[in-house]
Structures are given as C-alpha cells and as structure tokens.
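One structure is given here, and the rest of the page talks about it.
The values are calculated or read from the model by the stated rules, or taken from the named source; none is laboratory data. Just so we're clear, the structure is a prediction, and the values are computed from it rather than from any experiment. Positions of Cβ are generated from backbone atoms using ideal geometry, with glycine treated the same way; all protein chains shown enter the neighbour counts. Areas reflect the complete protein model, heavy atoms only, side chains present, ligands, DNA and RNA absent. Shrake-Rupley method; radii C 1.70, N 1.55, O 1.52, S 1.80 Å.
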Amino acid sequence: MYKILTINPGSTSTKVALFEDNNMIASENLEHKAEQLKKYDDLIDQTEFRKKAVINFINKNGIEINDLHAIAARGGILPPLKSGTYRVNNEMVHYLKYDAEVEHASNLAAIIGFEMAKKNIPVFITDPVSVDEFIDEARISGNANLERYSHLHALNMKMVARRAADEIGKNYYDSNFIIVHLGGGISIGAQKKGRIIDVNNANDEGPFSPERSGELPMGDVAKIAFSGKYTYKELKKRYVGNGGLVAYLGTNDLRKAFEKSKKDERAKLVIEAMAYQISKEIGAMATVLKGEIDAIVITGGLANSERFVSMIKERISKLGLIMVYPGSYEMEALCQGALRVLNNFEKPLTWNKEVK
C-alpha cells in the first residue's frame, strides 16, 4: 500500500491530503492569514513558511516524511509541455524559483515537495496548467504576430475525463469529450482520444466567468489601453480578477448573484448571458470534434449549482450525453498521477526547459 502526500497551494491557503493508494485518509485546507503572508516580499519567499505548515499536517496525522512513498504536487507555471506525470528534478525547481514567467502559488508546490523529500522519495507533478496538446489549426489567432496558446485547468479536466470514460465503459484514449471546467475561471476544451486539442485560454478567451471578462471587443480594449487612465497592471486586474460577474454585479459568488436576480432584472440577464456564452463555446468545441462526441463533461465549483447547469443544458442537450461532476478533483488527480507511475502503468516523464 502506497502512502502519498498531495500538495496544492492557493493564494491564501495550501490544500493538503494524505492517501493510502486511492483512499484519502486525511485532508486539510491550511489557511494562511494575511498578516502572515505580508511578511514576505515575494511569493517564493513563502516557501519555508508553507513547508512547515505541510510538515505539521503530516506529523499531526502520525506520518513522518520517510513513511511516504511519494509526494504529488500541483504543477506550476512551466513552459508548454505534454500531459502526463513528471518527476520533479533540480532543473524544474530552479525554473520555478527563478525563471517562471508568471508568479503563481502553484509554483510553490513542487519546490515544497522537493525540499521535503530531500531526494529520499520521488516527487511528481501531473498535468499542470501549461499542458499543450493543440493541433496546428488551433494555434492560428488571425494575427501573424500573435499565437493562441493552451492555458487551462488541465489537472481537473483530465481527471473527470478519465472518470467519464470509466462510467461509459470506454477506454480513455479512445474517447472524445467536450470538457467544461466552471470556476473562477472557465476552460472549455475539446479532448480527442486523450489529448485536449483545443481550449479557450482561461484568462483571455471564451466566456466571461465570475472573475474574468473572457473574450472582448478588440478595438474597444485598445482604446481603453491607450486612454492613459490605467497602468498595465490595473488594466489586467480589471479584466482578470475584477471582470465577469464582479464587474457587473460586484460579486464572484454565483449564489449571491442568483439571490440578487430575484429582484434585479439586470442581474438575471447577466447570469443568463454567462450561461449563454458557455453554451456557445461548447458548441464551438463540438465543431472541433466534428460532432463525434462521447459526452459533454461539466465540472468545477459552478457545477454545484443545479439551476445554473440546467440553464446550460437547455441549450446543449441535443449535442449529446451530458455528465456532471461538481467541484474539483485535483487532489485525487495528483494522487492517481503518482500511482500510475508507482504501479508501472505509466513511465514518469523527465522535464527540462526544452521539453515539449
């Protein structure tokens, strides 16, 4: 029986879980108070603080580091790479510490795991957000100086695709799915035989979400960008963080938005528009798969709202089977990625800066 620790850092907390094979035996969302995090100038400086919190968690549950067979960490913002489970090495840790182009809490996971393991046990990442399996057509943006790139909730999306394949009795690598991750950001991807061959960039494209503006009229954005009213950071925050429901309704909580819609027709329209845009993107991905769809798989936090999911279903029901997996399965996905390697079902991939 394999004992596996999973680590998934967020901006103000670190999710951790202990597994014995597929069974989660303990989990906790380690909250980090704002005053604690303010002590650190840069995100990377939080590594030791968060590492101690993770060690305290496993010790509290009667586990020492050397009792573990593996640590499974959420993948950080790495250059584009193919999906799978990678063994964390010195080069990856160095990149995440010093060369990562985006500062993100997920960058800390592999570093924390690697430092805890001290090379005594393997540390893995599985399906980071930079997974890139695009077909060539998907990269063409319409502007020769700009290329579309893959940025998605790969870990959870691929996890629910595996579950869906099991449920319909098909091999994962023989199945075609439209996978719809509905969270603070929204990723809608066409997965063909195990590869997500196209997906909207969760920050810059596709439908608006609780916190993000999604695709916008280019000409108007250019005018605002050169108006002199905003710095680059202010403008970026306006569209990623303060866009979507936040911009229209002042909240990123769909439940509060629905409550507001009881008396506010504008709020009702905005919610309907979000469901409309999500449905439209699903339809677009159906054309990517040429209509050969085993199922449309809906997941993420917003999928907990049956009311909202039903608004989407009304528009897409004729496209095929709809399967709903509310919430996130990231911890289970990390564990299973490690288990596939430990059980020799897959070989671990080796990362370096040039890997594709």
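Of everything in the range 166-193 that is touching a residue at least 60 places away in the same chain (Cβ under 8 Å) and not in a strand (DSSP E or B), the residue that is surrounded by the most Cβ atoms within 10 Å (Cβ to Cβ) is 175. Looking across the range 347-356 at every residue that is in contact (Cβ under 8 Å) with a residue 12 or more places away in the chain and of a type in the set (D, E, K, R), the one that is surrounded by the fewest Cβ atoms within 10 Å (Cβ to Cβ) is identified as 356.
State the number of residues belonging to the range 52-73 that are under 12 Å from residue 114 (Cα atoms) and either open to solvent by 30 Å² or more (accessible area, probe 1.4 Å) or assigned to a loop (DSSP other than H, G, I, E, B) (or both). Number of matching residues: 1.
Within the range 111-120, not a single residue is closer than 22 Å to residue 203 by Cα and either under 17 Å from the mean Cα position of the chain (by Cα) or outside the structural domain of residue 289 (by the TED database) (or both). Only residues that are among the polar types (S, T, N, Q), surrounded by fewer than 19 Cβ atoms within 10 Å (Cβ to Cβ) and within 25 Å of residue 211 (Cβ to Cβ) were counted across the range 301-346, and they come to 3. Residue pairs whose Cβ atoms lie under 9 Å apart, separated by 6 or more positions or on different chains, with the first residue in the range 198-227 and over 21 Å from residue 283 (Cβ atoms) and assigned to a loop (DSSP other than H, G, I, E, B) and the second of a type in the set (Lys, Arg) and open to solvent by less than 60 Å² (accessible area, probe 1.4 Å), are 203/212. Would you confirm whether any residue within the range 76-87 is modelled with pLDDT of 95 or more, buried (at least 21 other Cβ atoms within 10 Å of the Cβ) and outside any strand (DSSP E or B)? No, because not a single residue in the range 76-87 is modelled with pLDDT of 95 or more, buried (at least 21 other Cβ atoms within 10 Å of the Cβ) and outside any strand (DSSP E or B).
Restrict the check to the range 20-32 and report whether at least one residue is in a helix (DSSP H, G or I), more than 17 Å from the chain's Cα centre (by Cα) and farther than 17 Å from residue 331 by Cβ. Checked the range 20-32: no residue is in a helix (DSSP H, G or I), more than 17 Å from the chain's Cα centre (by Cα) and farther than 17 Å from residue 331 by Cβ. Tallying residues that are at negative phi and either in the same structural domain as residue 188 (by the TED database) or assigned to a loop (DSSP other than H, G, I, E, B) (or both) within the range 335-348 yields 5. Applying a threshold of 8 Å to beta carbon distances and a minimum spacing of six or more residues, or different chains, the list of pairs starting in the range 115-143 at a residue that is buried (at least 22 other Cβ atoms within 10 Å of the Cβ) and ending at one that is charged (D, E, K, R) and in a loop (DSSP other than H, G, I, E, B) reads 131/82. Scanning the range 43-100 for residues that are among the polar types (S, T, N, Q), over 22 Å from residue 131 (Cβ atoms) and touching a residue at least 40 places away in the same chain (Cβ under 8 Å) returns 46, 47, 61, 66. The set of residues from the range 1-27 being crowded, with 22+ Cβ neighbours inside 10 Å and within 16 Å of residue 65 (Cα to Cα) comprises 4, 5, 6, 7, 16, 17, 18, 19.
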